[in-house]
2 protein chains.
Amino acid sequence: MSDILYDFGSGRSDPATFPTERLKKIAVEVIDREAEALTNYPGSLGHKGLRTAMAAREATREGVQVDPEHLVLTNGSMQGVTLTAEALQDQPGDTLILEEYSYPGTLGAYRSLRYDMVGIPLDEGGMRMDVLEHELTRLNREKRLPKFIYAISTYQNPTGFVMPRERRLEMITLADRYGIPIIEDNCYADVHYEGEIQPAIYALDDRPEHIYLCSLSKILAPGFRLGYILARPPMLNTILARRHDAGPNYLASAIAAEFYKEGIAEHAETTNPPLKRKRDLTCEGLKAHAADLCAWSTPPGGLFVWVRLPDDVDRNKLYANAQAKGVNYLRGSSFHYKGVDAPYLRLAFGHLTETQIIEGIPVLVKAIRECRTSNEAVTYTSLFED
Amino acid sequence: MSDILYDFGSGRSDPATFPTERLKKIAVEVIDREAEALTNYPGSLGHKGLRTAMAAREATREGVQVDPEHLVLTNGSMQGVTLTAEALQDQPGDTLILEEYSYPGTLGAYRSLRYDMVGIPLDEGGMRMDVLEHELTRLNREKRLPKFIYAISTYQNPTGFVMPRERRLEMITLADRYGIPIIEDNCYADVHYEGEIQPAIYALDDRPEHIYLCSLSKILAPGFRLGYILARPPMLNTILARRHDAGPNYLASAIAAEFYKEGIAEHAETTNPPLKRKRDLTCEGLKAHAADLCAWSTPPGGLFVWVRLPDDVDRNKLYANAQAKGVNYLRGSSFHYKGVDAPYLRLAFGHLTETQIIEGIPVLVKAIRECRTSNEAVTYTSLFED
């Protein structure tokens, strides 16, 4: 493998906006003030100050009143994904429902727990409700209703789309019909560029089955390994009963709590504009170089552009060719719930410099052209067209 | 419940020796130097510097060469306990072996995973090998050999005893006879007061089945939530395949790495003497006030004194009476693998002040005397005598 010059692989935010100087000041303050607390175990919910700050974050964004005692800090949102799936599982082979294309970390955890996954096709509004209804009916008939529905309904990973409010309400109705919890992973929520913000499913239905996952990785940094779960009793207790790590990291929590004590808006106003600019550069690059070749999403938030390749691209050859040219991306198969190879790839644009994006997109497009078996122009009416 | 004045409950080290000033300096240095790394995911092994420092720690103490690439940082040693049990489980109902009295955190995790636990009685040398051999023979005959043996062989929690080298070798021979991994939890290892240090089981047998767990909670602080697993391939890969939290906390790891880059001896020389003094005060208090009443361990390291109560103490009444007098402790039943109530209690002495220990022990002993049904003096030849 040659050196990677254009790494569109991993979903990370912009390192240039990491608030180094403020965090240095805060760390000193916090270690001093919370020395005694650091010599204690943090409890299974974790640092009260950070729970309060994150509850306020949710209230502001989603208009839902969140009790900090119903908020569980986790070791990144991935611990939330894994812990909730563990807590809801009776035995290996249990069924779950999720989007046909979803976050590879989640897929890996569910595979490892030996869940039987049922994938629901996506369109520009997220998970398709007609198919969800059909599958729930079928699974109910087969007496293997899913333990839960996992959905990334805002800035979906990998597609970038947002589920409209109406569809969220449909999903709630379907889930409630069978008493199935929805695990809503909203970890990109604050990486917002434009358009109306849709309320979280968790905010639209206060029945106690549902679970909400969020992260501080996208608004602060992955190295802090902080995320959280919202859940109401008795679901909250079911989840806590499965937690056996003696609680989340207190030091990182205390620093993040101080950093966000006035809310997250100020920092988001610093971090989002450069990300929006990178999203624009990515989409403009595709428009300039691949308009006759590909379709792609223009996500109103989040960190990913989902690209539909022409059917006649040899996708193994493309991956090797792109790597040889210094371009890294994640293949469509990484996101498919059954690992099926499909004509897609995902571009994560947050961590590259603007110059890397401007230079990298044409290199990728050249690689795609070299791996086609025809020269015909391609036009899609939908990113999800077969 | 009245206020707790004398909290012998939780196993914590001495808050007075928490290195606040040094950590403040280090935090500033580390956030500055590792800002870019903090915006990355830490990988499933975690911070290289801390892995290198902890590998050196193990080499110094146990004389075993540890490759930092075979060391997995975890969210406290409890994540190590849970993760290894998850990785080694085929299905709920699988058997495991452990000490009859063990760490409640571990018991809770194993119960939650629905392991079938087989407890082996203890004596002053730890797990009894005659019973282990007998149980392994029986389980082999019943075709349900354990997935692993979990043992706290040094400063055993709750008893405080150390397993002698000869017995460690016997245990290895028995485990190897059936190809069973030993999960050795050595999280108190550096809290050493006196006597010869016994080598870790992991250091005595380099076959790749065995697993070693350790912690930074006892030598630094629980709020850092740092521990680690040692395991060699292919066991290492089995464990990593079950990890789905996107890696351990990088910020806390980076600070701990800098703190321990010259080794852990300097800090241990600060933290251990006050703990030894507290152990002495606890045991001297028992000798002065309960010599006719109880037997107890005098642990050469670790944070706990295990106390044998007279048989005629009403243990429910005692717990309530002690709480009413302001004394907290953990009951014997908390440590029993089946939760069986037995005439024991555990005193954790690390977190109290010397004055609290001096004052608290006579209060506890008074509570014990008040809950007896006779006044006869009691003499045990062994802490483990029936």
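Evaluate the stretch B:125-145: report whether one residue or more is free of Cβ contacts under 8 Å to residues at least 24 places away in the same chain and touching a Leu at 6+ places or on another chain (Cβ under 8 Å).
Within the stretch B:125-145 (the criterion being free of Cβ contacts under 8 Å to residues at least 24 places away in the same chain and touching a Leu at 6+ places or on another chain (Cβ under 8 Å)), the answer is yes, since at least one residue qualifies.
Output the number of residues of the stretch B:344-371 satisfying the condition of being at pLDDT 95 or above, more than 16 Å from B:Glu284 (Cα to Cα) and in contact with a strand residue (DSSP E or B) (Cβ under 8 Å, 6 or more places away or on another chain).
The total comes to 5.
Of the conditions (1) in a loop (DSSP other than H, G, I, E, B); (2) within 22 Å of the chain's Cα centre (by Cα); (3) more than 28 Å from A:Pro343 (Cα to Cα), A:Ser10 satisfies every one except a single condition; which number is it?
(3)
Do we have B:Gly160 as crowded, with 20+ Cβ neighbours inside 10 Å and among the small types (Gly, Ala, Ser) here?
So B:Gly160 passes the test.
Can you name the residue in the stretch A:100-128 that is within 18 Å of the chain's Cα centre (by Cα) and of a type in the set (Gly, Ala, Ser) and, of all such residues, is farthest from B:Asp94 (Cα to Cα)?
Going through the qualifying residues, I end up with A:Gly125.
Go through A:Glu370, A:Glu284 for me and flag whichever is touching a helix residue (DSSP H, G or I) at 6+ places or on another chain (Cβ under 9 Å), among the acidic types (Asp, Glu) and closer than 26 Å to A:Pro15 by Cβ.
Criteria check complete, one pass: A:Glu284.
Yes or no: A:Val118 over 17 Å from A:Cys214 (Cα atoms), in contact with a helix residue (DSSP H, G or I) (Cβ under 6 Å, 6 or more places away or on another chain) and assigned by TED's automatic domain parsing to the domain that holds A:Pro181?
It is true that A:Val118 is over 17 Å from A:Cys214 (Cα atoms), in contact with a helix residue (DSSP H, G or I) (Cβ under 6 Å, 6 or more places away or on another chain) and assigned by TED's automatic domain parsing to the domain that holds A:Pro181.
Please enumerate the residues belonging to the stretch A:344-373 that are over 15 Å from A:Ala290 (Cα atoms) and either surrounded by fewer than 18 Cβ atoms within 10 Å (Cβ to Cβ) or within 14 Å of chain B (Cβ to nearest Cβ) (or both).
Hits for the stretch A:344-373 are A:Ala348, A:Gly350, A:His351, A:Leu352, A:Thr353, A:Glu354, A:Thr355, A:Thr373.
Select from the stretch B:106-162 the residues that are within 14 Å of chain A (Cβ to nearest Cβ), over 26 Å from B:Val191 (Cα atoms) and assigned to a loop (DSSP other than H, G, I, E, B) and list them in ascending order.
Of everything in the stretch B:106-162, those that are within 14 Å of chain A (Cβ to nearest Cβ), over 26 Å from B:Val191 (Cα atoms) and assigned to a loop (DSSP other than H, G, I, E, B) turn out to be B:Leu113, B:Arg114, B:Tyr115.
I'd like the residue in the stretch B:49-60 that is modelled with pLDDT under 95 and buried (at least 22 other Cβ atoms within 10 Å of the Cβ) and, out of all such residues, is nearest to the other protein chains (Cβ to nearest Cβ).
My answer is B:Arg57.
The conditions are (1) over 26 Å from A:Lys143 (Cα atoms); (2) at pLDDT 95 or above; (3) surrounded by 17 or more Cβ atoms within 10 Å (Cβ to Cβ), and A:Leu220 fails exactly one of them. Which is it?
All conditions are met except number (2).
Say we look at the stretch B:85-99 and pick out the residues that are over 14 Å from the mean Cα position of the chain (by Cα) and either more than 14 Å from every other protein chain (Cβ to nearest Cβ) or within 26 Å of B:Asp123 (Cβ to Cβ) (or both); which of these is surrounded by the fewest Cβ atoms within 10 Å (Cβ to Cβ)?
Among those residues, the one meeting the criterion is B:Thr95.
In this structure, is A:Gly80 within 30 Å of A:Val305 (Cβ to Cβ) and either touching a helix residue (DSSP H, G or I) at 6+ places or on another chain (Cβ under 8 Å) or not assigned by TED's automatic domain parsing to the domain that holds A:Arg177 (or both)?
No: the conditions fail for A:Gly80.
Against the conditions (1) closer than 22 Å to A:Asn186 by Cβ; (2) within 13 Å of chain B (Cβ to nearest Cβ), where does A:Pro273 fall short? Just the number, please.
It fails just one condition, (2).
Please find, among A:Gly46, A:Gly80, A:Gly63, the residue that is more than 8 Å from every other protein chain (Cβ to nearest Cβ), surrounded by fewer than 17 Cβ atoms within 10 Å (Cβ to Cβ) and closer than 28 Å to A:Ile183 by Cβ.
Unique residue meeting the criteria: A:Gly63.
Return yes when B:Pro158 is under 24 Å from B:Lys276 (Cα atoms) and more than 16 Å from the chain's Cα centre (by Cα) and no when it is not.
no
Could you go through the stretch A:305-315 and let me know if any residue there is within 19 Å of A:Phe18 (Cα to Cα), in contact with an Asp or Glu (Cβ under 8 Å, 6 or more places away or on another chain) and assigned to a helix (DSSP H, G or I).
No, there is no match, as no residue in the stretch A:305-315 is within 19 Å of A:Phe18 (Cα to Cα), in contact with an Asp or Glu (Cβ under 8 Å, 6 or more places away or on another chain) and assigned to a helix (DSSP H, G or I).
If A:Asp3 satisfies all but one of (1) within 10 Å of chain B (Cβ to nearest Cβ); (2) closer than 30 Å to A:Gly360 by Cβ, what's the number of the condition it fails?
Among (1) within 10 Å of chain B (Cβ to nearest Cβ); (2) closer than 30 Å to A:Gly360 by Cβ, A:Asp3 violates only (1).
When the residues of the stretch B:22-43 are filtered to those that are in contact with a Phe, Trp or Tyr (Cβ under 9 Å, 6 or more places away or on another chain) and acidic (Asp, Glu), which remaining residue is farthest from the other protein chains (Cβ to nearest Cβ)?
B:Glu34
Take B:Thr298 and decide whether it is within 23 Å of B:Asp280 (Cβ to Cβ) and either touching a residue at least 60 places away in the same chain (Cβ under 8 Å) or assigned to a loop (DSSP other than H, G, I, E, B) (or both).
For B:Thr298, the condition - within 23 Å of B:Asp280 (Cβ to Cβ) and either touching a residue at least 60 places away in the same chain (Cβ under 8 Å) or assigned to a loop (DSSP other than H, G, I, E, B) (or both) - is met.
Of all the residues that make up the stretch A:15-49, how many are farther than 17 Å from A:Ala268 by Cα and part of a helix (DSSP H, G or I)?
Residues that pass the stated criteria total 16.
Output the residues belonging to the stretch A:50-65 that are assigned to a helix (DSSP H, G or I) and either outside the structural domain of A:Gly227 (by TED's automatic domain parsing) or of a type outside the set (Asp, Glu) (or both).
Within the stretch A:50-65, A:Leu50, A:Arg51, A:Thr52, A:Ala53, A:Met54, A:Ala55, A:Ala56, A:Arg57, A:Ala59, A:Thr60, A:Arg61 qualify.
Between residues in the stretch B:337-360 that are farther than 17 Å from B:Thr271 by Cβ and residues that are in a loop (DSSP other than H, G, I, E, B) and aliphatic (A, V, I, L, M), which pairs lie under 6 Å by C-beta distance while being six or more apart or on different chains?
B:Pro343/B:Leu309
The values are calculated or read from the model by the stated rules, or taken from the named source; none is laboratory data. Keep in mind the model is a prediction, meaning the values are calculated, not measured. For neighbour counting, all protein chains shown are included, and Cβ atoms are generated from backbone atoms with ideal geometry for every residue, glycine included.
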